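The numbers here are math on the coordinates, done by the rules we state, and not lab data. Predicted model, so just to flag it, every value in this text is computed and none were measured. Reconstructed Cβ throughout: ideal geometry from the backbone, glycine too, with neighbour counts over all protein chains shown.
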Amino acid sequence: MLPEIAGFALSGGAAYAADLALFIWLRGHAGLGPLSAKALSFLAGCGVAYNGNALGTYRRRVLATPRVRRYGVFFAVNAAGAGVQLLCLAVSHYALGLTGARADVVSGGVVGMALATALRFWGTRTLVFRTATRRSRGVRRADEGSRPTWTG
């Protein structure tokens, strides 16, 4: 599992760098507002992360779902991760009354990011790039032939 975690972290780091760089460029040079810039940079980051995982981390898996569906589920998992980060920030800032800049960074950028990363890893591994080995009992894959198994 260590190579999988390393590949996931590498893809996530590249996605974060692409998201941040595009956000800064869209805000500073393209003149977009913060929400529009963040929405576009988030989509670009999702694309980088998906491709990094599909072409790198999970490239050897025989996958159970079509590519379009995988990308949709991947986007949903990443949106859920963003929601976790926002929820951590909202709870800290509004419910607990920790309104300082440092508290916001810790709750959203450290605690929220750690929880969101765990959610994204689980979702990417089990929902997006799940293998095609799960099947109904008694149903054979095409490569298994028609002979019964050695256990009968």
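Details
- Largest GNM mean-square fluctuation across A101, A132, A21, computed for the chain with C-alpha springs under 10 Å, falls on A101.
- Euclidean distance between Cα centres, region 1-62 to region 77-129, Å: 17
- Result for the chain in a Gaussian network model with C-alpha springs under 10 Å: among G12, G33, G123, the largest mean-square fluctuation is at G33.
- In percent, rounded to a whole number, the relative contact order of the chain is 24, using alpha-carbon pairs under 8 Å and six or more apart.
- For the chain, the longest principal axis of the C-alpha atoms and the axis of helix 34-52 are separated by about 30°.
- Between the helical axis of 2-28 and the longest alpha-carbon principal axis of the chain there is an angle of about 40 degrees.
- Local electrostatic count at A9 - Lys and Arg +1, Asp and Glu -1, tallied over other residues with Cβ under 14 Å: +1
- In plain terms, the chain from L98 to L127 could stretch by 6.9 nm, reckoned as 0.36 nm per residue minus the Cα-Cα distance.
- Which label in [x] 154; [y] 145; [z] 132 gives the computed volume of the Cα convex hull per residue in Å³: [x]
- Simple spin-label estimate for L87 and A30 gives 3.0 nm between the two label positions (7 Å along the Cα-to-Cβ direction from each Cα).
- Helical content alone sets the calculated 222 nm signal of the chain at -19000 deg cm²/dmol, taking -39,500 (n - 2.57) per DSSP H segment of four or more residues and averaging over every residue.
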